[in-house]
Amino acid sequence: MNTQAFNDRNVNDSYYMVDIEEYPTDGWGRFKRVIKRTFRGELFVGLWVVLREMLKFNIHTIQYPLEKMPIGPRYRAVHEMKRLWESDAERCIGCGLCEKICISNCIKMDTKIDENSRKEVSEYTINLGRCIFCGYCAEVCPELAITHGGEYENGSEQREHYIDYNGMLTPLEMMTQGKQQEFEGFGAITPHEDARMKKTPLAY
Ligand code: SF4
Ligand code: SF4
């Protein structure tokens, strides 16, 4: 596996090394470096480099929370529950797979039979204080109903910080405006999934 992409992450053309010297390869080179560092006053050289970079006013610090870094599409933040585009109905069928696979045991759900004799989710909470955002629930969901969203500011003063079903569900007004964001990351089908799928033969 080529790990170059992982080693290079977050490093692009806007990053540059400040006054990096060649590393000495022999004893004479190392001796010269010791002499140079001893008599050149490395502390003041370092202070000069910092002052020189400050005077360029090329500031990279992010003023969080007023400014925020963009997050990757596969980032696993607070969960969202999706609706069907065709009917606006909830996608979750109450199968319970997400609750069973959760290794932190932080999903609690219950179902009941509604007036049309169909199963509906009556209770669904995720304890975000326990969740480790592993993504298993999103990966196992057969309906692409539970996904991770981009909301990562979920700090709380309460030890038990729950998120309930309606808090995660896409609001209906977002559906009418066509603003539901589909999940691009963990567990989502890839755009070329149709081509990769082997069709089941009709006669076997
Ligand atoms: S992300 Fe992982 S720990 Fe969090 S609810 Fe899903 S399965 Fe559980
Ligand atoms: S969110 Fe998905 S996996 Fe969990 S109960 Fe609903 S349909 Fe099943």
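The numbered conditions (1) touching a residue at least 12 places away in the same chain (Cβ under 8 Å); (2) loosely packed, with under 14 Cβ neighbours inside 10 Å are all true for GLU80 except (2).
In region 114-130, which residue that is touching a residue at least 40 places away in the same chain (Cβ under 8 Å) and touching a Cys at 6+ places or on another chain (Cβ under 7 Å) is nearest to GLY167 (Cα to Cα)? Per the criteria, the residue is ILE126. Give region 154-185 a look and list any residue that's without any contact (Cβ under 8 Å) to a residue 60 or more places away in the chain and either over 21 Å from TRP85 (Cβ atoms) or within 16 Å of ligand 2 (Cβ to nearest atom) (or both), or say none. Answer for region 154-185, where residues must be without any contact (Cβ under 8 Å) to a residue 60 or more places away in the chain and either over 21 Å from TRP85 (Cβ atoms) or within 16 Å of ligand 2 (Cβ to nearest atom) (or both): GLY155, SER156, GLU157, GLN158, ARG159, GLU160, HIS161, TYR162, ASP164, ASN166, GLY167. For region 132-148, the tally of residues that are more than 14 Å from ligand 2 (Cβ to nearest atom) and under 15 Å from GLU80 (Cβ atoms) stands at 1.
The sole residue among ILE132, ILE107 that is within 16 Å of ligand 1 (Cβ to nearest atom) and open to solvent by 60 Å² or more (accessible area, probe 1.4 Å) is ILE132.
So, in region 115-129, of the ones that are open to solvent by 30 Å² or more (accessible area, probe 1.4 Å) and out of contact with any Lys or Arg (no Cβ under 9 Å at 6 or more places or on another chain), which residue ends up nearest to ligand 1 (Cβ to nearest atom)? Among those that are open to solvent by 30 Å² or more (accessible area, probe 1.4 Å) and out of contact with any Lys or Arg (no Cβ under 9 Å at 6 or more places or on another chain), it is ARG118.
The values are calculated or read from the model by the stated rules, or taken from the named source; none is laboratory data. Remember, it's a predicted structure, so these values are computed and weren't measured experimentally. So basically every Cβ, Gly included, is an ideal-geometry build from the backbone, and we count neighbours across all protein chains shown. Calculation scope for accessible area: heavy atoms of the full protein, side chains included, ligands and nucleic acids excluded. Shrake-Rupley method; radii C 1.70, N 1.55, O 1.52, S 1.80 Å.
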